[in-house]
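Colleague: The structure under discussion is supplied below as C-alpha coordinates; questions concerning it will follow.
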Amino acid sequence: MANLTRRVELFTGNDDDPRFSGPATGDERQMLVGFLQGQRATLQLKCTGLDGQLSRRAVEPSTLSLLGLIRHLADVERRWFRQVLAGQDAAPLFSSSAAPDGDFDGAVSDPAVIAAAWEAWRSEVEFADRFVTEAPDLDIEGHDAWRGTVSLRWVVIHMVEEYARHNGHADLLRERIDGAIGL
(Lines give C-alpha, C1' and ligand atoms only; values in the text may rest on other atoms or scores of the structure.)
Protein backbone atom coordinates (compact mmCIF):
# COMPACT_ATOMS: atom_id res chain seq x y z
CA MET A 1 0.00 0.00 0.00
CA ALA A 2 1.27 3.49 -0.87
CA ASN A 3 2.39 5.81 1.90
CA LEU A 4 -0.52 8.28 2.04
CA THR A 5 0.22 11.84 3.08
CA ARG A 6 -2.10 14.72 3.88
CA ARG A 7 -2.14 17.55 1.35
CA VAL A 8 -0.61 20.03 3.84
CA GLU A 9 2.39 17.74 4.34
CA LEU A 10 3.06 17.68 0.61
CA PHE A 11 4.01 21.36 0.65
CA THR A 12 5.39 22.07 4.10
CA GLY A 13 6.69 18.59 4.86
CA ASN A 14 5.03 18.22 8.25
CA ASP A 15 1.94 18.76 10.36
CA ASP A 16 3.60 21.47 12.44
CA ASP A 17 2.84 24.36 10.08
CA PRO A 18 3.65 27.66 11.86
CA ARG A 19 1.51 29.77 9.52
CA PHE A 20 -1.69 29.32 11.48
CA SER A 21 -0.54 29.12 15.08
CA GLY A 22 -2.16 32.35 16.27
CA PRO A 23 -4.64 32.40 19.14
CA ALA A 24 -8.05 30.78 18.75
CA THR A 25 -9.51 32.64 21.73
CA GLY A 26 -8.97 35.97 23.37
CA ASP A 27 -8.19 39.38 22.00
CA GLU A 28 -9.87 40.26 18.70
CA ARG A 29 -6.91 42.23 17.35
CA GLN A 30 -4.50 39.35 18.01
CA MET A 31 -6.82 36.88 16.27
CA LEU A 32 -7.35 39.09 13.22
CA VAL A 33 -3.62 39.86 12.93
CA GLY A 34 -2.85 36.14 13.31
CA PHE A 35 -5.16 35.25 10.44
CA LEU A 36 -3.69 37.99 8.25
CA GLN A 37 -0.12 36.92 9.05
CA GLY A 38 -1.00 33.33 8.19
CA GLN A 39 -2.44 34.35 4.83
CA ARG A 40 0.60 36.50 4.02
CA ALA A 41 2.91 33.64 4.97
CA THR A 42 0.95 31.33 2.68
CA LEU A 43 1.53 33.62 -0.29
CA GLN A 44 5.23 33.77 0.53
CA LEU A 45 5.41 29.98 0.88
CA LYS A 46 3.66 29.43 -2.46
CA CYS A 47 6.32 31.58 -4.14
CA THR A 48 9.33 30.00 -2.44
CA GLY A 49 12.07 28.67 -4.69
CA LEU A 50 10.67 29.79 -8.02
CA ASP A 51 12.62 32.96 -8.92
CA GLY A 52 12.11 33.52 -12.68
CA GLN A 53 9.13 31.17 -12.79
CA LEU A 54 7.19 33.59 -10.59
CA SER A 55 6.15 35.48 -13.72
CA ARG A 56 4.78 32.40 -15.49
CA ARG A 57 1.15 32.71 -16.47
CA ALA A 58 0.27 29.11 -15.81
CA VAL A 59 -3.53 29.00 -16.05
CA GLU A 60 -4.28 30.28 -19.54
CA PRO A 61 -5.99 32.38 -20.70
CA SER A 62 -5.60 34.23 -17.39
CA THR A 63 -2.79 36.77 -17.08
CA LEU A 64 -2.40 35.95 -13.38
CA SER A 65 1.06 35.01 -12.16
CA LEU A 66 2.55 34.58 -8.72
CA LEU A 67 4.70 37.65 -9.32
CA GLY A 68 1.60 39.57 -10.39
CA LEU A 69 -0.07 38.53 -7.13
CA ILE A 70 2.89 39.81 -5.10
CA ARG A 71 2.75 43.15 -6.94
CA HIS A 72 -1.04 43.33 -6.69
CA LEU A 73 -1.06 42.61 -2.96
CA ALA A 74 1.68 45.20 -2.35
CA ASP A 75 -0.60 47.76 -3.99
CA VAL A 76 -3.65 46.52 -2.04
CA GLU A 77 -1.78 46.76 1.29
CA ARG A 78 -0.58 50.24 0.29
CA ARG A 79 -4.06 51.40 -0.67
CA TRP A 80 -5.87 50.33 2.48
CA PHE A 81 -3.27 51.06 5.12
CA ARG A 82 -1.35 54.04 3.72
CA GLN A 83 -3.96 55.81 1.64
CA VAL A 84 -7.28 55.05 3.31
CA LEU A 85 -6.39 54.61 6.98
CA ALA A 86 -3.21 56.69 7.37
CA GLY A 87 -4.39 59.35 4.90
CA GLN A 88 -1.09 59.40 3.03
CA ASP A 89 -0.75 60.55 -0.55
CA ALA A 90 0.68 57.21 -1.68
CA ALA A 91 0.06 56.33 -5.32
CA PRO A 92 -0.04 52.67 -6.32
CA LEU A 93 3.37 51.23 -7.09
CA PHE A 94 2.47 48.90 -9.94
CA SER A 95 -0.83 50.03 -11.45
CA SER A 96 -2.27 53.35 -12.55
CA SER A 97 -5.24 54.78 -14.41
CA ALA A 98 -3.19 54.46 -17.62
CA ALA A 99 -2.21 50.86 -16.77
CA PRO A 100 -4.93 49.51 -14.44
CA ASP A 101 -3.54 45.96 -14.72
CA GLY A 102 0.09 47.07 -14.50
CA ASP A 103 0.53 44.96 -11.38
CA PHE A 104 -0.06 41.83 -13.47
CA ASP A 105 1.00 43.01 -16.93
CA GLY A 106 4.36 44.30 -15.67
CA ALA A 107 5.18 41.05 -13.86
CA VAL A 108 8.05 39.91 -16.08
CA SER A 109 10.87 37.45 -15.46
CA ASP A 110 13.56 39.99 -14.69
CA PRO A 111 15.55 39.66 -11.45
CA ALA A 112 15.25 43.40 -10.81
CA VAL A 113 11.46 43.32 -11.28
CA ILE A 114 11.17 40.33 -8.94
CA ALA A 115 13.39 41.93 -6.29
CA ALA A 116 11.46 45.21 -6.50
CA ALA A 117 8.15 43.37 -6.08
CA TRP A 118 9.32 41.53 -2.97
CA GLU A 119 10.85 44.71 -1.53
CA ALA A 120 7.63 46.66 -2.10
CA TRP A 121 5.44 43.89 -0.67
CA ARG A 122 7.60 43.55 2.45
CA SER A 123 7.68 47.32 2.93
CA GLU A 124 3.90 47.60 2.68
CA VAL A 125 3.37 44.65 5.04
CA GLU A 126 5.77 46.23 7.53
CA PHE A 127 3.91 49.55 7.37
CA ALA A 128 0.53 47.82 7.78
CA ASP A 129 1.74 45.75 10.74
CA ARG A 130 3.14 48.84 12.45
CA PHE A 131 -0.07 50.77 11.76
CA VAL A 132 -2.26 48.02 13.25
CA THR A 133 0.00 47.65 16.29
CA GLU A 134 0.07 51.39 16.99
CA ALA A 135 -3.64 52.02 16.39
CA PRO A 136 -5.48 52.73 19.63
CA ASP A 137 -8.28 50.33 18.64
CA LEU A 138 -9.90 48.64 15.66
CA ASP A 139 -12.60 51.31 15.41
CA ILE A 140 -10.40 54.03 13.92
CA GLU A 141 -11.73 55.08 10.54
CA GLY A 142 -10.64 56.21 7.14
CA HIS A 143 -12.48 57.25 4.03
CA ASP A 144 -12.44 55.27 0.81
CA ALA A 145 -13.95 56.48 -2.45
CA TRP A 146 -15.29 52.96 -3.13
CA ARG A 147 -16.62 51.90 0.29
CA GLY A 148 -17.08 55.22 2.09
CA THR A 149 -16.13 55.20 5.77
CA VAL A 150 -14.27 52.04 6.80
CA SER A 151 -12.84 50.95 10.12
CA LEU A 152 -9.46 49.34 10.75
CA ARG A 153 -11.41 46.22 11.75
CA TRP A 154 -13.10 46.11 8.34
CA VAL A 155 -9.78 46.66 6.53
CA VAL A 156 -8.03 43.82 8.38
CA ILE A 157 -10.94 41.47 7.72
CA HIS A 158 -10.97 42.54 4.08
CA MET A 159 -7.21 41.91 3.82
CA VAL A 160 -7.67 38.36 5.17
CA GLU A 161 -10.39 37.91 2.53
CA GLU A 162 -8.17 39.39 -0.20
CA TYR A 163 -5.21 37.13 0.61
CA ALA A 164 -7.39 34.04 1.01
CA ARG A 165 -8.91 34.62 -2.44
CA HIS A 166 -5.55 35.15 -4.08
CA ASN A 167 -3.94 32.27 -2.20
CA GLY A 168 -6.47 30.05 -3.97
CA HIS A 169 -5.11 31.43 -7.23
CA ALA A 170 -1.56 30.85 -5.95
CA ASP A 171 -2.41 27.20 -5.21
CA LEU A 172 -3.42 26.62 -8.82
CA LEU A 173 -0.56 28.62 -10.31
CA ARG A 174 2.07 26.80 -8.22
CA GLU A 175 0.64 23.39 -9.00
CA ARG A 176 0.74 24.16 -12.74
CA ILE A 177 4.29 25.50 -12.53
CA ASP A 178 5.99 22.60 -10.76
CA GLY A 179 3.34 20.26 -9.38
CA ALA A 180 3.72 21.44 -5.77
CA ILE A 181 0.44 21.07 -3.89
CA GLY A 182 -0.62 21.73 -0.35
CA LEU A 183 -2.18 24.32 1.86
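Colleague: Quick check on region 88-183: what does the Kirkwood estimate of hydrodynamic radius come out to from the alpha carbon pairs, in Å?
Modeller: On the way: mean 1/r = 0.0626 Å⁻¹.
Kirkwood radius, region 88-183: 16.0 Å.
Colleague: Using Cα pairs under 8 angstrom and six or more residues apart, how large is the relative contact order of region 57-145, in percent? Present the calculation step by step, with values, prior to reporting the outcome.
Modeller: Values: 89 pairs, mean separation 32.4, N = 89.
It comes to 36 percent, rounded to a whole number.
Colleague: Right, another one. Counting only the heavy atoms of the protein chains, how much of Phe94 is accessible to a 1.4 Å probe, in Å² to the nearest 10?
Modeller: Ignoring ligands and nucleic acids, Phe94 comes out at about 40 Å².
Colleague: Please check: in the Gaussian network model of the chain (C-alpha springs, under 10 Å), which one of Leu93, Leu54, Leu67 has the largest mean-square fluctuation.
Modeller: Leu93
Colleague: For region 32-183, what relative contact order do you get, as a whole percent, if you take Cα pairs closer than 8 Å and at least 6 residues apart? Write out the running numbers ahead of the final one.
Modeller: Details: 183 pairs, mean separation 49.1, N = 152.
Relative contact order for region 32-183 comes out at 32 percent.
Colleague: To continue, here is another question. Roughly to the nearest percent, how much of the accessible area of the chain is carbon and sulfur, given a 1.4 Å probe? Provide the component values of the computation, followed by the final result.
Modeller: On the way: 5090 of 9750 Å².
Summing carbon and sulfur atoms, their accessible area is 52 percent of the total for the chain.
The values are calculated or read from the model by the stated rules, or taken from the named source; none is laboratory data. Everything numeric in this text was worked out from a predicted model, so none of it was measured. Accessible surface is based on the protein model in full, side chains and every heavy atom, while ligands, DNA and RNA are left aside. Shrake-Rupley method; radii C 1.70, N 1.55, O 1.52, S 1.80 Å.
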